[in-house]
1. Being free of Cβ contacts under 8 Å to residues at least 24 places away in the same chain and either surrounded by fewer than 21 Cβ atoms within 10 Å (Cβ to Cβ) or closer than 24 Å to residue 22 by Cβ (or both) narrows it down to one residue among 132, 50, 85; which is it?
2. On the basis of being modelled with pLDDT of 95 or more and either polar (S, T, N, Q) or on the phi > 0 side of the Ramachandran plot (or both), does residue 158 make the cut?
3. Among residues belonging to the stretch 174-193 that are modelled with pLDDT of 95 or more and of a type outside the set (A, V, I, L, M), point out the one that is nearest to residue 106 (Cα to Cα).
4. Within the stretch 30-52, can you find the residues that are farther than 16 Å from residue 91 by Cβ and within 10 Å of the chain's Cα centre (by Cα)?
5. Which ones in the stretch 53-71 are buried (at least 21 other Cβ atoms within 10 Å of the Cβ) and over 19 Å from the mean Cα position of the chain (by Cα)?
6. Show the residue pairs that are 6+ apart or on different chains and have beta-carbon atoms under 8 Å apart, the first residue being within the stretch 111-123 and at negative phi, the second being of a type in the set (S, T, N, Q).
7. Filter the stretch 69-79 down to the residues that are in contact with a Leu (Cβ under 9 Å, 6 or more places away or on another chain) and farther than 11 Å from residue 52 by Cα and list them by number.
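The values are calculated or read from the model by the stated rules, or taken from the named source; none is laboratory data. What you see is a predicted model, and the numbers here were worked out from it, not measured in a lab. As a convention, Cβ positions derive from the backbone with ideal geometry for all residues, glycine included, and neighbour counts pool all protein chains shown.
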Amino acid sequence: MIRTLLALCCAVAIQAAEPLAYAGSGSVAFLLRAVAPGAITGVTGGSGDALAALAEGRATLVGLSRPPTAEEDAALRAARGTAPATRLLGRSAVALFVHRDNPCSGLSSAQLVAAMRGTLTWGELGVGGALAAQPVAVVVNHPASGATTQLVETLLGGEALPLAVRCELVGSSVVQAAAIDPAVLAVAAVHQATPALRTLPLDGIAPEPGAIADGSYRLSRPLLLAWLPRSPTAPGLATLFAALDDPSATRILAGLGVR
């Protein structure tokens, strides 16, 4: 929370422009607003809604916290006759959060899958006391979000999200669940970290800058902006890109876990 507030205080000053209609990743929207407050407006429906919003004309700019699928790309081409133009905002990660009083030291990919299926207790992760007999309660963002999509595709091979996993509508509610309940394992964007939480390693690798940048942390991910290249260039798009090219934007994004 402290680093988030510092980043917001240092947001890039940009010239006034009509806000861009935005759709897609909530994580990307959060980061854009940190760099350029007022540059975008709109409701975030998750990465799964991004290219559909472009195809349907609901947005000028969209964000994805994963690469677009072949099906999404094909649907956009069919509707608009073109693939999207894209820009890499940076690399970030999906992190595993627990209550700061939960002493768990980390878990493997296989253990995370077992937790998602509702078959793992905290005792099996070496946690004693009152938590030992309790199941690891996995909480994630809604299924269309980039974080949850990546989790499912990376660890479950694309199969349906197990019924034992609890879904929340927004990432802040995911991490709040772990801040309240030590039995919760929250899976959310790394920038959602707060002082009430601890971040766990996955397969012995923590979501730290080097591991995010080189992809050795298994749940690292690209953050992408996309727009229609054949549409008239909105003034706000050029203004936003100028803000993102400013050196201070790199510092802001780095403070929020983007590499």
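1. Numbers: 50 fails: free of Cβ contacts under 8 Å to residues at least 24 places away in the same chain; 85 fails: free of Cβ contacts under 8 Å to residues at least 24 places away in the same chain.
Checking each option against the conditions leaves just 132.
2. Numbers: modelled with pLDDT of 95 or more: no; either polar (S, T, N, Q) or on the phi > 0 side of the Ramachandran plot (or both): yes.
Taking the combined requirement at face value, the residue does not satisfy it.
3. Looking at residues that are modelled with pLDDT of 95 or more and of a type outside the set (A, V, I, L, M), I get 182.
4. Result: 46, single match.
5. 54, 59, 60
6. 120/111; 121/134; 122/102; 122/134
7. First, the residues of the stretch 69-79 that are in contact with a Leu (Cβ under 9 Å, 6 or more places away or on another chain): 69, 72-73, 75-76, 79.
Across the stretch 69-79, the qualifying residue is only 69.
So that you can scan it fast, the table gives a plain yes or no per residue for (1) farther than 30 Å from residue 130 by Cβ; (2) within 19 Å of the chain's Cα centre (by Cα):
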residue	(1), (2)
179	no, yes
190	no, yes
206	no, yes
225	yes, yes
248	yes, no
251	yes, yes
